[in-house]
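The values are calculated or read from the model by the stated rules, or taken from the named source; none is laboratory data. This one's a predicted model, so the numbers in the text were calculated from it and none came from an experiment. Note that each Cβ is placed from the backbone with ideal geometry, even for glycine, and that neighbours are counted across all protein chains shown.
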Amino acid sequence: MRLWRIEKWINHPVAAQREVLQNLVTTAQYTEFGKKYQFSKLFTVKEYKKKVPIHEYDDIKPYILRMMEGEENILWNTPVKWFAKSSGTTSDKSKFIPISEEILYENHFQATKDVLSNYYKNFPSSDLLTGKGLVVGGSHQISKLNHEIQYGDLSAVLMQNSPFWGQWLRTPELSVALMDEWENKIEKLAQITANENVTSIAGVPTWTLILLKRIMEIKGKSSISEVWPNLELYINGGVSFVPYKDQFDKIIGKKINYLEIYNASEGFIAGQQSPDDDGMLLFTEHGIFYEFMPVEEYGKPNPQTMGLKDVEIGKHYAPLVSTAGGLWRYLIGDTIKFTHLNPYKIVVSGRLKHYMNAFGEEVMVDNSDKAIAIASEKTGAVVSDYTAAPVYFSDSSNGAHEWLVEFDRPPDNLDRFTEELDIALKTINSDYEAKRHKNIALRLPILHALPRGTFTNWMRSKGKLGGQHKVPRLSNERTALEEILLIWKGGKQ
């Protein structure tokens, strides 16, 4: 039955989107926000876009703070008791995204079921649900503002609110899964789950790798397949899996399926239909209405956005969402590209503010991830994490990109790795290639190999260990890079 419904919105995505927007606007017409923007008089997408301005977090923060103090009927018409805490990688400020019952059930849980439905369609003899699913998730806590209001990482909010059957199928128990002291949590996760029959894993690759290595130590095994022989699926999201796949293949020690999902705090947006897809299927019937802003429009006084019928393959867009959680024309901050238009499939290409364009080179995270993977393959290296930022022009030299890289297995020759990285970037990105021509604007990258644990120490210093916290891949500013360099140089003394 569900597969029939999935086929319907896949085949009629524009109609599904129109219905989603109408339902959202009708439902929220008597909220404070709905009255302000006259939702009761909006009957077309064009009217909606004309009447409601584009919002970033600071624009809706006053509404959200009132909701966290217990006020109702502000952005959404039903009580909102949960908020997903999402902090930027280079800022100490936290964002709190409202999680209504409607966004939980119409979006997060329904999209999860659709991912599983597609998985079983592809692998009808799967034993996935005969074992446990290991979720490497975040933490939650009670808000100090109001004892009825709770917040935490998205994964923690979803675990706390998952249906009863979801508790049976997951490991570890909730009290351990929601611990907020990450280093102790990794140890407890390892001790408990090492003895379970785990058939699937979901989590951010960096922290999942740390956990898997610890489990192999505890069990004295050389691969995870010796610990969990029935493991068949790893679901990843949050960062590109490209730089990590070789490490997972090696650690797991047998062929399993990998599925990528795009499950942001704002909503479950997309997921691979099958492991071989080169993009994630956009979920068009799941309580979210989408608009797509060409990245070059960002920062303009009246940026233009487009609907699904006008998007193009390969172009970078910043998605805006209107959701059943009370977000309206909200700019998530990610950038995406379409890989297919029938059906609509996307890849996450980076962050609006996480890229390098100091010299007109427009290097996005998907460029750097691919280049790191190519350089690793060419030199036999394995990269565990990296970050990069520009070195600006000075009186004595032109510009460059400075890279900080942690290797799980370093290359025999670091200079060769740097050269291969540079060659790969020139092949992938014509703007970078032009700026590197004869070293006119950009000289060869400057690359430092950092000791293992340097990025972890920096994350610890920021209070951002674990969960969905990530090292920023790219930045036009040098703040994070300089902080990490200080930690590295301090450790060398």
Handout entry: Qualifying residues in segment 217-242 (those that are farther than 17 Å from residue 183 by Cα, in a helix (DSSP H, G or I) and at pLDDT 85 or above) - the one nearest to the chain's Cα centre (by Cα)
Key = 224
Exercise for the section: Select from segment 123-132 the residues that are in contact with a Ser or Thr (Cβ under 7 Å, 6 or more places away or on another chain) and either part of a loop (DSSP other than H, G, I, E, B) or without any contact (Cβ under 8 Å) to a residue 12 or more places away in the chain (or both) and write down the one among them that is surrounded by the most Cβ atoms within 10 Å (Cβ to Cβ). Expected result: 131
Handout entry: Pairs with Cβ under 9 Å, 6+ apart, first in segment 303-320 and in contact (Cβ under 8 Å) with a residue 60 or more places away in the chain, second among the charged types (D, E, K, R) and in a loop (DSSP other than H, G, I, E, B)
Key = 305/329; 320/329
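Could you identify the single residue in 361, 377, 420 that is touching a strand residue (DSSP E or B) at 6+ places or on another chain (Cβ under 8 Å) and of a type outside the set (A, V, I, L, M, F, W, C)?
361
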Problem - Residues (assigned to a loop (DSSP other than H, G, I, E, B) and at pLDDT 90 or above) located in segment 87-122 - result: 100
Exercise for the section: Output the residues belonging to segment 361-402 that are over 24 Å from the mean Cα position of the chain (by Cα), β-branched (Val, Ile, Thr) and assigned to a helix (DSSP H, G or I). Expected result: 379
Practice task
Would you please name the residue that is farthest from residue 85 (Cα to Cα), looking only at residues in segment 267-278 that are out of contact with any helix residue (DSSP H, G or I) (no Cβ under 7 Å at 6 or more places or on another chain) and modelled with pLDDT of 95 or more?
Solution key: 272
Problem - Any pair with Cβ under 6 angstrom, 6 or more apart, that starts in segment 424-438 at a residue that is closer than 13 Å to residue 358 by Cα and ends at one that is charged (D, E, K, R) and not in a helix (DSSP H, G or I) - result: 431/361; 431/362; 432/361; 435/361
Practice task
Output the number of the condition that residue 50 fails; it satisfies all remaining conditions of (1) surrounded by fewer than 18 Cβ atoms within 10 Å (Cβ to Cβ); (2) charged (D, E, K, R); (3) outside any helix (DSSP H, G or I).
Solution key: (3)
Problem - Every residue from segment 266-319 that is over 30 Å from residue 360 (Cα atoms) and in contact with a His (Cβ under 8 Å, 6 or more places away or on another chain) - result: 267, 268
Exercise for the section: For segment 297-310, state whether one or more residues are modelled with pLDDT of 95 or more and surrounded by 19 or more Cβ atoms within 10 Å (Cβ to Cβ). Expected result: yes
Practice task
Output the residues belonging to segment 24-47 that are surrounded by fewer than 19 Cβ atoms within 10 Å (Cβ to Cβ), free of Cβ contacts under 8 Å to residues at least 24 places away in the same chain and part of a helix (DSSP H, G or I).
Solution key: 26, 35, 36, 40, 41, 46, 47
Exercise for the section: Would you mention how many residues in segment 262-312 are assigned to a loop (DSSP other than H, G, I, E, B) and not aromatic (Phe, Trp, Tyr)? Expected result: 24
Handout entry: Candidate set from segment 474-493 (those that are over 22 Å from the mean Cα position of the chain (by Cα) and not in a helix (DSSP H, G or I)); member that is modelled with the lowest pLDDT
Key = 493
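Kindly state which helices (runs of 4 or more DSSP H) lie completely within segment 133-182 and contain at least 3 residues that are at pLDDT 75 or above and among the aromatic types (Phe, Trp, Tyr).
Counting at least 3 such residues, we get no helices (runs of 4 or more DSSP H) at all.
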Handout entry: Considering residues of segment 405-422 that are of a type in the set (A, V, I, L, M, F, W, C) and touching a residue at least 40 places away in the same chain (Cβ under 8 Å) only, the residue nearest to residue 458 (Cα to Cα)
Key = 405
